[in-house]
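Everything below concerns the one structure shown next.
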Amino acid sequence: MRTQWRVVAGMAGAQHQGIDYTALYGHPKYARLGFDEQDALLAQVQHIEAGALSAMAQQNTPAVQEAEDAKQVTDAIQQRVDFDYQQGMKSLINVRELMNVMELAGGYGDECFVA
């Protein structure tokens, strides 16, 4: 059954969903077993599957953490860009206000707003 995993691939990488049981049910050795033996074997395979999925999820945790860290860095950069933009706009407004207060040579105050 080691080659019978259902795997879903996406942007975050491959994720194992579980075992494809149709391969188990169709195997000739499984078909020759009695009903009780099939039931016991299926329970064992499901138990092993649950443990394997848990182990694979723990292995994928670093990839998830890395993606989360990258998102935090991106958010921090965006916040800094927004802050710098706001500071630049405040400086621009302060310069315009100073130009309105000061007596400047002709032409400098024509395009300034008056607060």
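Counting only residues that are farther than 30 Å from ALA63 by Cβ and of a type outside the set (A, V, I, L, M, F, W, C), how many does the range 2-40 have? Count: 12. A residue that is in contact (Cβ under 8 Å) with a residue 12 or more places away in the chain, assigned to a loop (DSSP other than H, G, I, E, B) and touching a helix residue (DSSP H, G or I) at 6+ places or on another chain (Cβ under 7 Å) occurs somewhere in the range 2-14.
Could you check how many residues of the range 15-49 are of a type in the set (Asp, Glu), in a loop (DSSP other than H, G, I, E, B) and free of Cβ contacts under 8 Å to residues at least 12 places away in the same chain? The qualifying residues number 0.
Per-residue answers, yes or no, for (1) touching a His at 6+ places or on another chain (Cβ under 9 Å); (2) among the charged types (D, E, K, R); (3) modelled with pLDDT of 90 or more:
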{"site": "GLY26", "(1), (2), (3)": "no, no, no"}
{"site": "GLY34", "(1), (2), (3)": "no, no, yes"}
{"site": "GLN38", "(1), (2), (3)": "no, no, yes"}
{"site": "ILE48", "(1), (2), (3)": "no, no, yes"}
{"site": "LEU53", "(1), (2), (3)": "yes, no, no"}
{"site": "GLN65", "(1), (2), (3)": "no, no, no"}
{"site": "ASP84", "(1), (2), (3)": "no, yes, no"}
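Within the range 15-30, the set of residues being of a type in the set (A, V, I, L, M, F, W, C) and out of contact with any helix residue (DSSP H, G or I) (no Cβ under 8 Å at 6 or more places or on another chain) comprises just one member, ALA23.
The values are calculated or read from the model by the stated rules, or taken from the named source; none is laboratory data. Bear in mind that the values here come from a model prediction, so they are computed numbers and not experimental data. All Cβ positions, even for glycine, are placed from backbone atoms using ideal geometry, and neighbour counts span all protein chains on display.
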